[in-house]
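See below for the structure under consideration.
The values are calculated or read from the model by the stated rules, or taken from the named source; none is laboratory data. These numbers were taken from a predicted model, which means no experiment stands behind them. Here the Cβ positions follow ideal geometry from the backbone for every residue, glycine too, while neighbour counts run over all protein chains shown. Heavy atoms of the whole protein, side chains included, go into the accessibility calculation; ligands, DNA and RNA do not. Shrake-Rupley method; radii C 1.70, N 1.55, O 1.52, S 1.80 Å.
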Amino acid sequence: MRKKLPVGIEDFEKIRREGFYYVDKTGLIRSLLSEWAEVTLFTRPRRFGKSLNMSMLRTFFEIGHDKSLFEGLKIAEETELCQQYMGKFPVVSITLRGVGMDSYEVSRDMIVRIINREASRLQYLEESDRLTDRDKERFRVLFRRDMDEADLCGSLYTMSSLLQKHYGEKTIILIDEYDVPLAKANEKGYYDRMVTLIRGMFEQTLKTNESLQFAVLTGCLRVAKESIFTGLNNLKVLSVTSTRFDEYFGFTDDEVREMLDYYGIGDTYGLVKKWYDGYHFGKVDVYCPWDVICYCDEKIHDPDLMPKDYWINTSSNDLIRRFLEMARPVTRREIERLIAGETVVKTIREDLTYKELYHSIENIWSVLFTTGYLTQRGKPEGRALRLAIPNEEIRNIFVEQIMEWIQDTARKDGAFLDAFCEAFRQKDVAKIQESFTRYLNDTISVRDTAVRHPMKEDFYHGILLGLLSYKDTWYVASNRESGDGYSDIQVEIYDEKIGMAIEVKYAPDGDLDAGCRQAMEQIEAKRYASQLRADGMQTILRYAVACHIKECRVELIEDDAKMTGPQ
């Protein structure tokens with residue numbers, strides 16, 4: 001019986017005990033102990049295995065955990081290391097992933113509850129004969145929902161010192177997704193207050209804490225030292241550009257091949273690589289684990305399933321929207337180059353504060369890189385990196401966000417939209433062509449090379465659909481079944497009995513006339529006008545629209561249903 005796939009499971013013990021498939025990343029333990037640092041911060045994009053690795057570290061080091069969970073894994077081969085470190089330390093482990101509400105007060109309360117839960121996990125300290133009554137009173141404060149600021153800031157320090165006193169061993173502290181509260185606070189306007197709280201917790205916990213063996217933190221962004229790591233000289237930051245630990249977050253090519261073969265879908269390797277590979281951490285190319293696991297889980301039950309977007313559903317992707325809104329013409333042309341599979345060279349800052357993220361378009365380039373929307377190609381040139389879109393999935397995300405942005409932007413210009421729509425009703429081909437071409441030149445388009453032909457066609461289809469949908473008294477449908485196929489766009493103007501069948505084609509070689517001919521032939525061959533006649537439209541307008549980058553050509557054939565009769 002094949003192992004289950006751990007979709008959304010980030011608990012190492014559960015994965016190992018319940019027989020889920022596990023990609024062995026226990027080499028991280030050996031590297032962590034050999035590359036010693038008192039405080040280590042790993043920054044990686046979301047869904048690249050940070051939380052599972054933190055769970056694995058806790059399971060390995062914590063006193064009382066089941067050592068058999070590591071049998072057969074790489075770390076078990078390190079006999080001496082396991083004897084010295086496995087199950088030898090008290091561990092404090094928290095995640096701040098869920099902290100991020102609309103107000104500081106609610107977010108602070110969520111952090112209090114996280115501390116409450118970790119204290120409950122360590123509740124045996126209340127029975128310790130090595131702790132004094134005063135120690136136990138300090139510990140009981142950590143169960144209070146009305147904990148004051150001083151006690152909250154000192155909560156992790158209190159746990160570590162009491163654990164050391166109980167066990168006689170220094171404490172390992174694990175803080176997962178440390179920067180989530182800061183991201184939300186910046187978005188909702190209480191950043192300074194949250195920085196003060198997080199800084200207070202970290203200063204007491206990570207700086208001059210004699211009970212600390214070492215600490216590991218994870219997050220998406222490396223927040224500047226002066227923001228929350230003030231005076232913390234024992235911090236080692238390992239980002240996506242670091243060559244150390246580069247293979248422990250994300251799946252390597254060999255790991256993906258092995259997984260696909262195990263589940264009997266090795267023939268999908270090429271597609272999986274095209275869609276989910278392409279990230280470059282340090283010197284290693286890696287796949288997004290979330291995507292690979294989700295696709296495998298569905299593919300083994302649906303042999304005909306093609307790759308699709310999974311990563312997009314784990315975030316709002318607001319960052320790209322902000323990027324598009326701030327982009328001026330030069331940046332828009334750079335975005336077009338990226339979508340086409342080309343690269344752009346940018347100076348990257350990995351030590352921004354959240355307050356600085358949207359200060360300039362250059363800062364957003366840095367954030368897109370550190371959060372996984374862009375990756376590096378080739379060797380760095382100082383702080384300058386050659387950036388590219390990693391794979392097909394992220395390219396889809398960019399195109400979808402661009403489409404939404406274009407449509408939202410267009411809706412703000414009612415005069416243009418009204419005139420554009422009226423040009424279709426009035427059969428003014430020259431006006432349609434001129435207006436659509438001008439619009440394409442003012443926005444972001446898709447160019448040849450990396451983007452698949454159907455995506456190019458869908459891009460122009462989507463733009464035109466969004467513009468025509470401005471007329472709320474018109475019935476505008478996309479991919480409507482009509483005749484012997486599905487028409488790209490159909491419009492019905494009921495009060496005037498006017499129906500439009502619009503077919504959009506992308507002309508890869510720039511031959512717009514040929515594109516229009518192909519579109520018109522398809523309208524006729526597939527009888528796209530038949531549904532319009534069935535709906536009582538008396539004037540039928542057949543529009544062929546051909547596009548290439550920022551150019552378009554429009555052709556029109558008109559007939560009167562009363563004269564021609566049904567077809």
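List of remarks:
- Pair-distance distribution of segment 135-273: all C-alpha pairs, bin width 5 Å, starting at 0; shares per bin in whole percent are 2, 8, 14, 16, 15, 12, 10, 7, 7, 6, 3, 1, 0.
- (i) 0.93; (ii) 1.18; (iii) 0.99, with the label sought being that of the calculated Cα Rg over 2.2 N^0.38 Å: (ii)
- Within straight-line reach of residue 14, meaning a Cα separation under 12 Å, sit the following aspartates and glutamates at least 8 residues removed in sequence or on another chain: 66.
- The mean sequence distance of close C-alpha pairs (under 8 Å, at least 6 residues apart), as a share of the length of the chain, puts its relative contact order at 11 percent.
- Local electrostatic count at residue 142 - Lys and Arg +1, Asp and Glu -1, tallied over other residues with Cβ under 9 Å: +1
- In this structure, residue 304 and residue 404 have a Cβ-Cβ separation that, at R0 = 30 Å, corresponds to a calculated FRET efficiency of about 0.55.
- On full extension, the segment bounded by residue 428 and residue 384 gains 10.9 nm, given 0.36 nm per residue less the C-alpha separation.
- Those aspartates and glutamates that a straight Cα-Cα span of less than 20 Å connects to residue 188, excepting residues fewer than 8 apart in one chain: 102, 105, 109, 177, 179, 318, 325, 356
- For segment 12-36 and segment 462-500, distance of Cα centres in Å: 55
- Probing with 1.4 Å while keeping every protein chain in the model, the per residue accessible area of segment 101-145 equals 61 Å².
- Here residue 308 is the anchor, and the lysines within straight C-alpha reach of less than 19 Å, apart from those fewer than 8 places off in the same chain, are 273, 274, 299, 456.
- Too-long pairs where the Cα-Cα distance tops 20 Å, listed order kept, from 427/497; 505/526; 3/283; 283/379: 3/283
- In this view, the solvent-accessible surface of residue 326, computed with a 1.4 Å probe and all protein chains in place, comes to about 50 Å².
- 15 Å reach of a label modelled at residue 151, 7 Å along Cα-to-Cβ, counting backbone N of segment 173-205: none
- The chain: antiparallel DSSP beta bridges as a percent of all, rounded to 5: 55
- Farthest toward the positive end of the dipole of segment 332-421, out of 420, 361, 398, is the Cα of 361, where the dipole comes from beta carbon charges about the Cα centre.
- Added length on full extension, which subtracts the Cα-Cα distance from 0.36 nm per residue, residue 127 to residue 66: 19.7 nm
- Dipole of the chain [Lys/Arg +1, Asp/Glu -1 at C-beta], most positive-end residue of 407, 544, 242: 242
- Taking each residue as 0.36 nm, the span from residue 342 to residue 261 lengthens on full extension beyond its C-alpha to C-alpha distance by 26.0 nm.
- Using a Förster distance of 35 Å, the FRET efficiency for residue 77-residue 167 (Cβ separation, nearest 0.05): 0.80
- Dipole check for the chain: with +1 at the C-beta of Lys and Arg, -1 at the C-beta of Asp and Glu, and the Cα centre as origin, the magnitude is about 1160 Debye.
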